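Down below is the structure, laid out as structure tokens.
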Amino acid sequence: MEQIGWEVAGIISEKIRELAAENEIDTKEDEFMVIQPLTDNQAIWYEMTFTDKGKRKINIKVNDSVYILPKIDKNFEMFTDESEEEDNE
């Protein structure tokens, strides 16, 4: 099995640039998380959040016991825009 070190940060950074170029995220305004799964249930999490004072905060977590479930075709209710719900009725 091939091993990877901190160069995975470059892989994650490239994906973030790609998402920003596609207007999926705004790296200066949005909170977001990017997860890079690896073999043996390992993963690296990159999370962009904001402090209570509005400063950007980056959290990077390396974990050896991550289980990623299949995507479910539903939205979490707190992130659903009420106008979208009305359009779907």
Evaluate the stretch 6-27: report whether one residue or more is of a type in the set (Lys, Arg) and over 17 Å from the mean Cα position of the chain (by Cα).
-> no
Pairs, please: C-beta under 6 Å, at least 6 apart or cross-chain, first residue of a type in the set (Ser, Thr, Tyr) and in the stretch 45-73, second not in a loop (DSSP other than H, G, I, E, B)?
-> Tyr46/Ile12; Tyr46/Val34; Tyr46/Ile60; Thr49/Lys57; Thr51/Lys57
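I'd like to check something: does the stretch 75-84 contain any residue that is open to solvent by 60 Å² or more (accessible area, probe 1.4 Å), modelled with pLDDT of 90 or more and assigned to a loop (DSSP other than H, G, I, E, B)? Break it down into steps so the answer makes sense when it comes.
Narrowing the stretch 75-84 to residues open to solvent by 60 Å² or more (accessible area, probe 1.4 Å): 75-79, 81-82, 84.
So of that shortlist, the ones also modelled with pLDDT of 90 or more come out as none.
No, the stretch 75-84 contains no residue that is open to solvent by 60 Å² or more (accessible area, probe 1.4 Å), modelled with pLDDT of 90 or more and assigned to a loop (DSSP other than H, G, I, E, B).
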Per-region count, the stretch 7-43, residues within 14 Å of Lys61 (Cβ to Cβ) and without any contact (Cβ under 8 Å) to a residue 24 or more places away in the chain | 2
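The values are calculated or read from the model by the stated rules, or taken from the named source; none is laboratory data. Note that the structure is predicted; figures quoted are calculated from it, not measured. Quick reminder, even Gly has a Cβ in these numbers, built from the backbone with ideal geometry, and neighbours come from all protein chains shown. Surface areas here come from the heavy atoms of the whole protein model, side chains and all, with no ligands, DNA or RNA. Shrake-Rupley method; radii C 1.70, N 1.55, O 1.52, S 1.80 Å.
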